[in-house]
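The structure under discussion appears below in the form of structure tokens.
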Amino acid sequence: MSDRYAIAIDIGTSGIRAQALDLGISEVISTAITLRHPLPGANVVDHLHFAITVGRETAHYLLIEAINDVIKNLNIDLRNVERTAVCGNPIQISLFHNVEIRDLAYWGEHALERLEITQPPRNATVTSSEEIGLEISKKAEIYIPPAIKHEIGADALAMLIKSGVLEKKGIYLVSDFGTNAEIGLVIDGEVYSCSAAAGPAIEGQMIEKGRLASPGTICDLELTDNGWKIRILDENLIARDGDVVDPSSGKVIQSGNINKKAIGITGTGVIAAYSLGLRTGLISLPKIKSKDHRIHLQEDIYLTEEDIENIGKALGAFRAAHLTLAEEADIFLDEIDSTYMAGASGFYVDPNKSLNVGQIPPSSKEIYQIGNTSLAMARDIVLNPALLDDLQKIADEMRGKHITLATSRTFEKIYSLELSVSQQGMPFWMYNDWLARYGFQKIPPKVSDPNIHRIFEKDIPELGKYGLKIVEIGSILTTGFERCINCLKCVENCPENALTIENGETKVRTDLCSGMACLRCELSCPEKVFKYRDFLAKKEQKE
Amino acid sequence: MNNIEELESKMDQDFVAVRYNVELEGPAITPEKDPDVQAILPKEEPYRSIAMGVLHGDIDEALNSVKEGLEDGLSPMDVINDGLMKGMDAVNALYTKGFFFLPDLMLSGDAMMEGLKESEKVLGHKSETKGTVVSFVAEGDPHDIGKNLVVMFLRAGGFEAIDLGRDVPNEEVIDAVKEYKPIFMTGTALMTTTMTAFPKIVEEMQENGLEVPAIGCGGGSVRRDFVESFPMSVYGVEAYHTPKLADSIIKDKKTWKEIRKEYSEIVGEFVPEYD
Amino acid sequence: MKYLVVNHVRRFTKMVYKKGEEMVFGRSKFPVSQRWNIQLGAGYVVPEVKVAPVEGSETSEERMIAECRNIAQSACERAVAIGLPAFMLEQEHVSQQTNNPEWAAETTKAQVEVLEKYYDEYGIRVSLRQTPADIRIEERGPGLRGSDYDNNIEETMEACAANGASDLCIESMGGKALSDYGISRGDPRAILFGIGVLGSIDMEYMWNRIVNICKKYDCRPGGDTDCAQANTAMFMAGGLLDKDVSHTMAALARGMGAARSLVAVECGALGPLKDCGYENPIIKAISGVPIAMEGKNAVCAHSDLMGNLTCAVTDVWSNESVYHRQEMGGTTPEVWLQATGFESALMNTALQTGQEEVLRDLYTLTDKYRDPQALILAYDNAHRIGEAIVKYGKDPYLRAREAALEVGKIINEAVDANKLYLTRFERESLDSSLKTIENLPMDSDQFIDECIRAYSRKVPEFNPKNYELEV
Ligand code: B12
Ligand code: SF4
Ligand code: SF4
């Protein structure tokens, strides 16, 4: 083993993933990840909002602090790290880089003008560990890949490159499923891209019993002869068979080998339930046809009609985006040769179900699940820093053909059909009729037996000889509120149990807190003394 | 020779074969044959054709009938109230029944607006409406589908809706309040970063000594507790609630405080968010 | 011209039946006589039974021969046991039979032996129908014409005829790739192209050969069916509550299917037309040939929405198909021949007592308004569609188009008369399809050109060369 190391980092909305590589033998030696993001909030906009509210510096600091914690767990001497590359969406990368983020928080010119924001170029950049604040060798270079367009970032570039479709003839659809799905339609190497803001339901949020993927969550369901078989993530995040239940009553029909009670349902689990519900007729949009209008998966884990509406709205964004892209690029969806699903959700979801619910086009004959391409690209960059220039070239070329859905009339029309389906139960033949009326193509029929290619066993294929370490991030911010009467309303109302008050000290765990989209603590304070912002003021003083 | 017809006339079809698909979903009849719609549609021409144009979401059909009517010397107000509005009422009836969907509403709304503009040309000024409402999407926010629905329902409900569009700076909202003196205002935001515009707008209005009876704030990321944390505001749940809220303001002189308390009663249905 | 409005066959431009109500079961304008003293469409209805060889019997020639012999034996035994004056046995080939002409020769021979024995012994009138499988694969070179598969079909046909089959049928598959595409996508143009044009072209190729073979032997050219296309639409349309394919769309496909299946008769097929051709009443109205039909006694094979109505003008009454196995009432050849046998007895009684028109009308009325697909096959409507077809009789495309338009008219009239109600799905699918079809060109070259351009890429199995169409 040599003593020259590199680190590859992927900053995702739901956590940080880092890998150490031995530069002598060009191999991964260890992996460390977190299961949460250090900033409060459940999606990037929450992170962004938090960062804007508390100031970029603080947000950057929290993020880097967490990354430093993670890389300390990589089992290498950090003083010997020569290179580090990051990848992720523009918001995460900008927070990492500590550059302007406010342009990502608002749409249109007005806010940008008023706040006098200039968009940073977000080009490929080489910077230093000192600049960023990473606790590694001072001489280490840090590589930051370019973004294509402000809402389509290096993560999208990664999936396009790692899927290998840019060099091939043919028509390919590549998407990274997340709250914001990046979608690329590649026609003989020419890329049409868009970002479909599907929403947090895709990751199990805004769903009453939804949770990010973590041990004890339901991540998939399988239709069996006598009911739905539940698949639950174990301590190592491997899916195991749980009970078989009758989804309309929750009655356990057959006990599984994981008999621990599930603690929630993940995004992939929600999609599975939606898919099976539609298939079996338990869901007849927008209604659930059980006695209490719920789908029961286990004691106290269920989906409500409101959940179904939310997931419907989110999935609708996918289908509407696919149709819009196809219309703009002037192809038919069933001409697509293969479909690539990137990212962790794209890896762990059952493609048959994605196909059934419209997350990928129903005509997808060849489906590739390519895993975490962001981390893969960060690895490629540290092994070959010259790649950064190539990436910049590719990004420059691509900037032209980005389709901004916000100004697309096509998208708006199709999305209102989606709303009609999910909120009002418009049947699909009528949907197709409307498409025809608008002069658009129809939804292609569903293929019955798609070929599914799962390139790796896990979304991170190679963990290295030291294996995987899951790092708990527990950044705590502390403050005290003057005139607090200690009624504890704020603590009671916190849905995430992120808050404690002891001896006049109020503490919040930022990694658990939902942040700016929540603020139930502040809103529920009868004395109006709870000020979320105060946490951060204190933090800054501490610096 | 025509024996089969004689036989056929003797038989009760349902005794032999039931078309359960039709029983279940109701037969496909043209919208104008629906009994509720028949009760709404005017009987006389050209009002009937005008209303049918709106019902069919057919701009040309509606506009041509409106033009013909106006050329024949009908009063523009009659064209609006007895033709266009009746068409929209029929559309609403079918929407409520679940036979019409969002895109039907949008097309019919467009047809009605075109007819309205034509009538107002002849009228020489804006037509009398129940009142003026200003609608906007918060600055920095592109999500305008919900707001478009709000505007459509307001117009269908007989209100003049001033549509400020999306990404609307706060000053523009304030200016619109000054200019139109609306009886109601609606704001929509779908991003947590943009919904903060609402309290700021209220603050600025208060600073300028301006007031509206209520500001309905809605949109995906907005929650009731947030909206009720600043004055003058009411949390809006469904776009089709908007005309009912506006009605309660002009008819029953409801204030924002009262609407907050009586939301479910005003909109006439159970609203979980107000439970 | 892309597709010669072909002249080597005689096209129907006039109706043989002048009125729908002239048609009745058991009687046709041109009865067919076969060996073993049987006449079809000559005043009595003949029951038919058809049984598929049990799984595993295709593994060797000996087994297949034994299997076919057993089926014939069982059928004959039951026929005499319950006193049937006549019956037809049909053997639909499994692919191995057609692929090995020598098997076909032997299995035919075995069945002939059994039937002949019973004919000799009891004087029972029998008919042996052999239906080789259309084993051609469109996308596999050299395609539909001249491949080994294709040659095997021809040799098998000849083997059957030479070894004593009473008549020959086939369910030809030309144009299926396109009609499948159109049916699953609700694209009426693709359906029309697949059925009306490609199906018709391919049938001509197939049937001229079959007729020539039959001429050499004491064997009749029977008929074809649009099973591969219009029945696909019907099965996908499913029951009343299914929504994959609308029942109105399936009715349109049926109308087109009649224009296509008529080609067999134009090439010289004499009937009875093949049982699963639900379009047969239309072809009978046009051409006067006897037909075989199926319905309520084919429930072993599938479900349709017109189980009685299909009896109304049939000449042979079939069970469609059933696996060779044991039921409580006997083996399936026995059981199902008994079912079709008794139904035929009822029809024959009506014929004898002069009540045939009443029975025909009762059959018709039980299903006429059950479904649009049934409505259009009621004999009066079938006749109307026939008239639409002969109006453009010389042009296979235009006549299929016209048939579809007439189907639309018939359904709309029934709806307007409040006799049949459609769901919105059926309504909109019919309206939009009719609109599409009405707007199609009135020139078949132009239509074919457009379709070749539109579908060559989308339907990879489709190769215009298979239909001798220039690109
Ligand atoms: C469609 C959509 C888009 C479309 C918008 C098209 C358009 N013209 O509106 C497009 C694709 C353009 C888009 C873009 C973005 N979006 Co977007 N989008 C959505 C989506 C999927 C649905 C929103 C929607 O239209 N809902 C339906 C309408 C009808 O609902 P509504 O407006 O809320 O209105 C209803 C009620 O609220 C009510 N109502 C509204 N106002 C009022 C007023 C009154 C008085 C009353 C009574 C009622 C009422 O009436 C309606 C019901 O009847 C949501 C996710 C989701 N599942 O909800 C994300 C979502 C809103 N988007 C989001 C984001 C972040 C974005 C982007 C900023 C993403 C990015 N980073 O680039 C971009 C915008 C910038 C850009 N570069 O374009 C986030 C917001 C997250 C947050 N916490 O703030 C969401 C939640 C998705 C996510 N990623 O989590 N998006
Ligand atoms: S209540 Fe407050 S502390 Fe708790 S999750 Fe919400 S914002 Fe965070
Ligand atoms: S709700 Fe307000 S007053 Fe009550 S404990 Fe929390 S901060 Fe103090």
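The values are calculated or read from the model by the stated rules, or taken from the named source; none is laboratory data. The model shown is predicted, which means the values in this text are computed figures rather than measured ones. When we count neighbours, we look across all protein chains shown, and the Cβ atoms used for this are built from the backbone with ideal geometry, even at glycine. Only protein heavy atoms, including side chains, enter the accessible area calculation; ligands, DNA and RNA are left aside. Shrake-Rupley method; radii C 1.70, N 1.55, O 1.52, S 1.80 Å.
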Next item on the list: Give the shape of segment C:327-471 as rounded, prolate or oblate, defined through the alpha-carbon gyration tensor: a ≥ b ≥ c are the square roots of its eigenvalues, a/c under 1.5 means rounded, and otherwise the shape is prolate if a/b is larger than b/c and oblate if not.
Entry: prolate
Notebook entry, point to check: For segment C:417-464, which residues drop by 40 square angstrom or more in accessible area between the chain on its own and all protein chains together (1.4 Å probe)?
Noted result: C:Tyr421, C:Thr423, C:Arg424, C:Phe425, C:Glu428, C:Arg457, C:Lys458
Item checked: Mean Cβ neighbour count within 10 Å, used as a protection proxy, ranking C:72-78, B:98-104 highest first -> C:72-78, B:98-104
Next item on the list: Report the net charge of residues surrounding B:Lys130, where surrounding means a beta-carbon distance below 15 angstrom and charges are Lys +1, Arg +1, Asp -1, Glu -1.
Entry: +2
Next item on the list: Work out which residues of segment B:182-208 lose at minimum 30 square angstrom of accessible surface when the other protein chains are put back, relative to the chain isolated, with a 1.4 angstrom probe, and list them by number.
Entry: B:Met191, B:Thr192, B:Thr193
Next item on the list: Could you tell me which of B:Thr188, B:Gly268, B:Met205 has its Cα farthest along the dipole of segment B:132-274 towards the positive end, charges placed at Cβ (Lys, Arg +1; Asp, Glu -1), taken about the Cα centre?
Entry: B:Gly268
Next item on the list: Please report how far the C-alpha centroid of segment A:395-425 lies from that of segment A:476-528, rounded to the nearest whole angstrom.
Entry: 39 Å
Margin query: Buried by at least 50 Å² relative to the chain on its own: which residues of segment B:1-42 qualify, computing accessible area with a 1.4 Å probe on protein heavy atoms?
Written below: B:Met1, B:Ile4, B:Leu7, B:Glu8, B:Gln13, B:Arg19, B:Asn21, B:Glu25, B:Ala28
Note to self: Along the charge dipole of segment B:1-145, pointing to its positive end and built from +1/-1 on Cβ of Lys, Arg, Asp and Glu, which listed residue (B:Gly124, B:Met52, B:Ala39) has its Cα farthest out?
What the structure shows: B:Gly124
Check: Give or take rounding to whole Å, what are the principal axis extents of the alpha carbon atoms in chain B, in descending order?
Finding: 90, 48, 34
Note to self: Can you compute the charge dipole magnitude of segment B:42-163 about its Cα centre, using +1 on each Lys and Arg Cβ and -1 on each Asp and Glu Cβ, nothing else charged? Give it in debye, rounded to the nearest 20.
What the structure shows: 360 debye
Margin query: Let me make sure I get this right: for segment A:476-537, a, b and c are the square roots of the gyration tensor eigenvalues over alpha carbons, sorted descending. Under 1.5 in a/c it's rounded, otherwise prolate if a/b > b/c, else oblate. Which is it?
Written below: rounded
Check: Do the alpha carbons of any pairs in B:Lys126/B:Lys147; A:Lys251/B:Lys261; A:Lys413/A:Lys446 sit beyond 32 Å of each other, and which pairs?
Finding: A:Lys251/B:Lys261
Notebook entry, point to check: How many percent of the alpha carbon pairs in the protein assembly as shown exceed a separation of 61 Å?
Noted result: 26 percent
Next item on the list: Grab the beta carbon distance between C:Leu346 and A:Glu299, set R0 = 60 Å, and tell me the FRET efficiency rounded to 0.05.
Entry: 0.50
Next item on the list: May I ask which of C:Lys394/C:Lys419; A:Lys365/A:Lys458; A:Lys287/B:Lys254 have a Cα-Cα span longer than 26 Å here?
Entry: C:Lys394/C:Lys419; A:Lys287/B:Lys254
Check: Net charge near A:Gly242, counting Lys/Arg +1 and Asp/Glu -1 over other residues with Cβ under 13 Å of its Cβ?
Finding: -1
Note to self: Please compute the alpha carbon radius of gyration of segment A:217-371, then divide it by the globular-protein estimate 2.2 N^0.38 Å. Two decimals is fine.
What the structure shows: 1.08
Margin query: I'd like the antiparallel share, as a percent to the nearest 5, of DSSP beta bridges with both residues in chain A.
Written below: 65 percent
Note to self: From Cα pairs below 8 angstrom and at least 6 apart in sequence, can you work out the relative contact order of segment B:29-123, rounded to a whole percent?
What the structure shows: 35 percent
Checklist line | chain C: relative contact order in percent, alpha carbon pairs under 8 Å with at least 6 residues between | finding: 22 percent
Item checked: Cys with no candidate disulfide partner in chain A (beta-carbon separation under 4.7 Å rule) -> A:Cys87, A:Cys194, A:Cys219, A:Cys484, A:Cys487, A:Cys494, A:Cys513, A:Cys518, A:Cys525
Item checked: Phi-based couplings in Hz for segment B:180-196 (Karplus 6.51, -1.76, 1.60; Gly and Pro marked x) -> 9, 6, x, 7, 7, 9, 10, x, 10, 9, 10, 10, 5, 6, 9, 5, 5
Item checked: Selection from A:Pro461, A:Ile52, A:Thr500 lying farthest towards where the dipole of the protein assembly as shown points positive, charges on Cβ -> A:Pro461
Check: If you build the Cα gyration tensor of chain C and take the root of 5 times each eigenvalue, what three semi-axes come out, in whole angstrom, biggest first?
Finding: 33, 27, 20
Check: So what are the ³J(HN,Hα) numbers for segment C:158-174, from phi and the Karplus equation (6.51, -1.76, 1.60; θ = phi - 60°), rounded to whole Hz, Gly and Pro as x?
Finding: 5, 4, 5, 4, 5, 9, x, 4, 6, 8, 10, 9, 7, 9, 7, 10, x
Next item on the list: Filter the cross-link list B:Lys97/B:Lys130; A:Lys138/A:Lys465; A:Lys442/C:Lys368; B:Lys121/B:Lys178 down to pairs whose alpha-carbon distance in this structure exceeds 29 Å.
Entry: A:Lys442/C:Lys368
Margin query: At q = 0.12 Å⁻¹, what log₁₀ I(q)/I(0) does segment B:29-123 have when each alpha carbon counts as one equal point scatterer in the Debye sum?
Written below: -0.30
Next item on the list: About the Cα centre of segment A:402-543, how large is the charge dipole given +1 on each Lys and Arg Cβ and -1 on each Asp and Glu Cβ? Please answer in debye to the nearest 20.
Entry: 300 debye
Item checked: Sites matching GluC sites (Glu not before Pro) across segment A:288-331 that sit in DSSP coil, with at most 12 neighbouring C-beta atoms within 10 Å -> A:Glu299
Check: Is there a simple number for the mean count of other chain Cβ atoms within 10 Å of the Cβ of residues in C:369-377, and what is it?
Finding: 2
Notebook entry, point to check: Counting other Cβ atoms within 10 Å, which trypsin sites (Lys or Arg not before Pro) in segment C:210-310 have at most 14 and lie in a DSSP loop?
Noted result: C:Lys216
Notebook entry, point to check: On average, how much area does the Cα convex hull of segment B:132-274 cover when viewed from any direction, in nm²?
Noted result: 7.2 nm²
Next item on the list: Write down the percent of antiparallel bridges among all DSSP beta bridges whose residues are both part of segment C:20-461, to the nearest 5.
Entry: 25 percent
Next item on the list: Please give the net charge around B:Asp82, taking every other residue with its beta carbon less than 10 angstrom from that of B:Asp82, where Lys and Arg add +1 and Asp and Glu add -1.
Entry: 0
Next item on the list: Apply the Karplus parameterisation 6.51 cos²θ - 1.76 cosθ + 1.60, with θ equal to phi minus 60°, to every residue of segment B:153-167 and state each ³J(HN,Hα) to the nearest whole Hz, in sequence, with x for glycine and proline.
Entry: 5, 4, 5, 5, x, x, 9, 8, 9, 8, 9, 7, x, 10, 6
Notebook entry, point to check: Rolling a 1.4 angstrom probe over the protein heavy atoms, how many square angstrom per residue are accessible across the protein assembly as shown?
Noted result: 38 Å²
Notebook entry, point to check: What total accessible surface area, summed over both chains, is buried at the interface between chains A and B, computed with a 1.4 Å probe and given in Å² to the nearest 100?
Noted result: 2600 Å²
Next item on the list: In debye, nearest 20, what is the charge dipole magnitude of segment A:395-479 about its Cα centre with +1 on Lys and Arg Cβ and -1 on Asp and Glu Cβ, if you could check?
Entry: 180 debye
Item checked: segment B:206-275: chymotrypsin sites (Phe, Trp or Tyr not before Pro) in DSSP loop, at most 10 other beta carbons within 10 Å -> B:Phe270
Check: Put A:Met206, A:Met377 in order of accessible area, largest first, 1.4 Å probe: what do you get?
Finding: A:Met206, A:Met377
Check: Amide H of A:Asp220: which non-local residues (sequence gap of 5 or more, or other chain) have their own amide H closer than 5 Å, using H built in the peptide plane?
Finding: A:Arg231
Margin query: What lysines does A:Lys507 reach when the alpha-carbon gap must be under 26 Å and sequence neighbours fewer than 8 apart in one chain are set aside?
Written below: A:Lys72, A:Lys209, A:Lys489, A:Lys528, A:Lys531, A:Lys538, A:Lys539, A:Lys542
Notebook entry, point to check: Expressed as a whole percentage, what fraction of the accessible surface of the protein assembly as shown belongs to carbon and sulfur atoms when a 1.4 Å probe is rolled over the protein heavy atoms?
Noted result: 48 percent
